[in-house]
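Enquirer: Next up is a structure, given as structure tokens.
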Amino acid sequence: MGASLSIDSFQPAVQRWALAQGVDYLNDIHGFAEPALYPELAAAPCKLIVMHMVRSQEQNQGLATRTDVAPDEIMDRIIGFFEARIAALAAGGVALERLILDPGMGF
């Protein structure tokens, strides 16, 4: 068939299911913040889309209002987010060449 499959989820149960199905891409809008999933991410062959987002998890669930980020602060915020996520994923055994960085939505 030749088509690639990408699953977008930040829920570990859904991510585990997607990995078991052999997806080509797994996209997490929270940047794979769940360390318990790292062994499975490290063992899987798929590409991982690490997405930065302006909102916190609580804000995404409607528990808080959105906090705007000043334009002169956004790049430092994005870079800091990716540095932390890349370091955590690498420490968890995930090969860096499998990571795709997505600066995210909300800009």
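The values are calculated or read from the model by the stated rules, or taken from the named source; none is laboratory data. Given the structure is predicted, the values throughout are model-derived calculations rather than measurements. We place every Cβ from the backbone using ideal geometry, glycine too, and count neighbours over all the protein chains shown. These accessible areas exclude ligands, DNA and RNA; they are computed on the full protein's heavy atoms, side chains included. Shrake-Rupley method; radii C 1.70, N 1.55, O 1.52, S 1.80 Å.
Enquirer: Considering each residue of segment 2-51, count those that are open to solvent by 60 Å² or more (accessible area, probe 1.4 Å) and at positive phi, and give that number.
Expert: Qualifying residue count for the region: 1.
Enquirer: Residue by residue through segment 11-40, note down the ones that are over 15 Å from Leu101 (Cα atoms), touching a residue at least 12 places away in the same chain (Cβ under 8 Å) and in a loop (DSSP other than H, G, I, E, B).
Expert: Scanning segment 11-40 gives Gly22, Val23, Asp24, Glu34.
Enquirer: May I pose another question? Out of Glu40, Glu73, Glu83, report the one residue that is modelled with pLDDT under 95 and acidic (Asp, Glu).
Expert: Only one candidate qualifies: Glu73.
Enquirer: Specify which of the listed residues (Val50, Val54) is modelled with pLDDT under 90 and either of a type in the set (Phe, Trp, Tyr) or touching a Gly at 6+ places or on another chain (Cβ under 8 Å) (or both).
Expert: Every option except Val54 fails the conditions.
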